[in-house]
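Comments concern the structure below.
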Amino acid sequence: MEKHKLIELASVIRSKNSGPYELTFDVIFKDFETYGKVKAAQSITKEGFAKLYGIPVENIFHLVYFDPAKAVKITIRRPIPSGALGETDVYGAQQHAPLMGMEVEF
């Protein structure tokens, strides 16, 4: 198995609101071959994502490999509800930065 930087394999890495209490992260791969290798190796897991973001695994509602879009979608509980006092990213659009430094193995 070799390590690869996720940012080099994906054409899109983004985060967004999924309602006031959830965030969704999308990793869309450049091609189906790479996506298939990442999926077969289960390179992106709830446990790895939780560690990367410093959150409990229980706060990850879904981690889905979505074949038609050659994408991985992850939905988590927002640490602070959107628009609440102390919340700094109402749209959830700036939460994907840790994924940009992630490495995957396959």
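The values are calculated or read from the model by the stated rules, or taken from the named source; none is laboratory data. Just so you know, these numbers come straight off a predicted model, no measurement behind them. We place every Cβ from the backbone using ideal geometry, glycine too, and count neighbours over all the protein chains shown. Side chains are part of the model used for accessible areas, which takes the heavy atoms of the whole protein and leaves out ligands, DNA and RNA. Shrake-Rupley method; radii C 1.70, N 1.55, O 1.52, S 1.80 Å.
Computed extension gain for VAL12 through PHE66, at 0.36 nm per residue and net of the alpha carbon distance, reaches 18.0 nm. For PHE49, the accessible area of its heavy atoms, probed at 1.4 Å with every protein chain present, is near 0 square angstrom. Of the residues LYS3, LYS39, the one with the largest accessible area comes first in the ranking LYS3, LYS39, computed with a 1.4 Å probe on protein heavy atoms. If you take every residue apart from LYS16 with its C-beta less than 13 Å away from the C-beta of LYS16, what net charge results, scoring Lys and Arg +1 and Asp and Glu -1? Cβ neighbours under 13 Å give a net charge of 0. Rounded to the nearest 10 degrees, the inclination of helix 32-41 to the longest alpha-carbon principal axis of the chain is 80 degrees. Matching the structure-derived Kirkwood radius over Cα pairs in Å against the labelled list [x] 15.2; [y] 14.7; [z] 14.0 gives the label [z].
What's the local net charge at ALA71, with K and R +1, D and E -1, over the other residues with C-beta under 15 Å away? Could the numbers behind the result be given before it?
Details: positive: ARG14, LYS16, LYS30, LYS37, LYS39, LYS70, LYS73; negative: ASP26, ASP31, GLU33, ASP67.
Net charge in that neighbourhood comes out at +3.
If I take R0 = 22 Å and measure r between the Cβ atoms of LYS30 and ALA93 in this structure, what FRET efficiency does the formula 1/(1 + (r/R0)^6) give, to the nearest 0.05? Working shown, then result.
Details: r = 22 Å, r/R0 = 0.98.
Working from the Cβ atoms, E equals 0.55.
Tell me the carbon and sulfur percent of the accessible area for the chain, rounded to whole percent, probe radius 1.4 Å. Don't skip to the answer; put the middle values down first.
On the way: 3410 of 6130 Å².
So the carbon and sulfur contribution to the accessible surface is 56 percent.
So if we plug the beta-carbon distance of THR75 and LYS51 into 1/(1 + (r/R0)^6) with R0 = 22 Å, what FRET efficiency do we get, rounded to 0.05? Walk me through the intermediate numbers first.
Values: r = 17 Å, r/R0 = 0.78.
Once rounded, the FRET efficiency stands at 0.80.
Taken per residue, the accessible surface of the range 1-67 reaches 59 Å², heavy atoms only and a 1.4 Å probe.
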